[in-house]
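Peer 1: Quick one: the structure is below, and I'll ask about it shortly.
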Amino acid sequence: MRRQLIKSTVVTTAGLAALALLTLRWTGLHWGATTGEVDETLPGDDVVPAAGFTATRAITIDAPPERVWPWIAQIGQGRGGFYSYDWLENLAGCRIHSADQIAPQWQHPEAGDTVRMHPKVALTVDAIDPGHSLVLRAPAGEASSAEFSWAFVVRPRPGRTTRLLVRERYGWSGRSSALLMEPLLAASSIMSRAMLRGIKERGERRAAA
């Protein structure tokens, strides 16, 4: 009887731990986003149509879209940065310096332009709808071991506020590549949340100025 009780306790504990990990993982991949936002089709979804992992994160910004978009337009290494943890990115040699000002020379990205994440890691502007959406992409072997797309979607909300959605889609071939993605997704969750908050802070500060 005692052995059976111990076995049941171990199984229950393991099940609860697994459930907690899955919940934390789901939260990390969908921080700030509603169920509707997670499920809907966004610009750039066709870049990696058979994605193995998709992360959709979102934030509401107390500033109109025209105050938010300029921070998106100038994103990138050697440009406006990523408004996240510069010190952490620079430990990996990214040489990131997130801007606190809008720079006119970085406000007009076009399809085909290069946007770097690291001096040796370049993404390409796949599509852009100025003021509304920016889609970046990298083939397998560039940003990671997987094919990758990164979309930024700016939407107006009532009261001259903005909803900012950021979606990452990863596609890969092979089981080992999928396993390697887990640490990348964990890091992405931390950095993306900081980025969204960084953009929110800058947009709201500029709107109040």
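The values are calculated or read from the model by the stated rules, or taken from the named source; none is laboratory data. Please read all numbers here as calculations on a predicted model, not as lab measurements. As a convention, Cβ positions derive from the backbone with ideal geometry for all residues, glycine included, and neighbour counts pool all protein chains shown.
Peer 1: So which of 73, 99, 111, 103 is in contact with a Pro (Cβ under 7 Å, 6 or more places away or on another chain), of a type outside the set (Phe, Trp, Tyr) and over 17 Å from residue 192 (Cβ atoms)?
Peer 2: Numbers: 99 fails: in contact with a Pro (Cβ under 7 Å, 6 or more places away or on another chain); 111 fails: in contact with a Pro (Cβ under 7 Å, 6 or more places away or on another chain); 103 fails: in contact with a Pro (Cβ under 7 Å, 6 or more places away or on another chain).
On inspection, the qualifying residue turns out to be 73.
Peer 1: Would you confirm whether any residue within the stretch 140-152 is over 24 Å from residue 189 (Cβ atoms) and either buried (at least 16 other Cβ atoms within 10 Å of the Cβ) or at pLDDT below 95 (or both)?
Peer 2: From the stretch 140-152, those over 24 Å from residue 189 (Cβ atoms) are none; that's our starting set.
No, because not a single residue in the stretch 140-152 is over 24 Å from residue 189 (Cβ atoms) and either buried (at least 16 other Cβ atoms within 10 Å of the Cβ) or at pLDDT below 95 (or both).
Peer 1: Does the stretch 63-98 hold any residues that are surrounded by fewer than 16 Cβ atoms within 10 Å (Cβ to Cβ) and either over 27 Å from residue 160 (Cβ atoms) or in contact with a helix residue (DSSP H, G or I) (Cβ under 8 Å, 6 or more places away or on another chain) (or both), and which are they? It would help to see each step written out before you state the result.
Peer 2: Residues of the stretch 63-98 that are surrounded by fewer than 16 Cβ atoms within 10 Å (Cβ to Cβ), as a first pass: 66, 78, 87-88, 90-93, 95, 97.
Across the stretch 63-98, the qualifying residues are 78, 87, 88, 90, 91, 92, 93, 95, 97.
Peer 1: Let me ask something else. Residue 38 - would you say it is within 16 Å of the chain's Cα centre (by Cα) and surrounded by fewer than 20 Cβ atoms within 10 Å (Cβ to Cβ)?
Peer 2: yes
Peer 1: Within the stretch 109-120, can one find any residue that is in contact with a Leu (Cβ under 9 Å, 6 or more places away or on another chain), under 22 Å from residue 42 (Cα atoms) and surrounded by fewer than 16 Cβ atoms within 10 Å (Cβ to Cβ)?
Peer 2: Yes, that holds for at least one residue.
Peer 1: Just need a number here: residues in the stretch 61-104 that are in contact (Cβ under 8 Å) with a residue 60 or more places away in the chain and either of a type in the set (Phe, Trp, Tyr) or part of a helix (DSSP H, G or I) (or both). Walk me through it before giving the result.
Peer 2: At the first step, the residues of the stretch 61-104 found to be in contact (Cβ under 8 Å) with a residue 60 or more places away in the chain are 61-69, 71-73, 75, 82-85, 88-89, 98, 100, 102.
Among the residues that remain, those that are also either of a type in the set (Phe, Trp, Tyr) or part of a helix (DSSP H, G or I) (or both) are: 65-69, 71-73, 82-83, 85, 88-89.
Looking only at that region, the number is 13.
Peer 1: Does residue 125 meet the test of being at pLDDT 95 or above, surrounded by 16 or more Cβ atoms within 10 Å (Cβ to Cβ) and closer than 16 Å to residue 41 by Cα? Lay out the reasoning, then the answer.
Peer 2: Numbers: at pLDDT 95 or above: yes; surrounded by 16 or more Cβ atoms within 10 Å (Cβ to Cβ): yes; closer than 16 Å to residue 41 by Cα: no.
Considered against the rule, which asks whether it is at pLDDT 95 or above, surrounded by 16 or more Cβ atoms within 10 Å (Cβ to Cβ) and closer than 16 Å to residue 41 by Cα, residue 125 comes out as no.
Peer 1: Condition check: surrounded by fewer than 20 Cβ atoms within 10 Å (Cβ to Cβ) and within 21 Å of residue 161 (Cβ to Cβ). Does residue 60 satisfy that?
Peer 2: Details: surrounded by fewer than 20 Cβ atoms within 10 Å (Cβ to Cβ): yes; within 21 Å of residue 161 (Cβ to Cβ): yes.
Judged against the criteria, residue 60 is a match.
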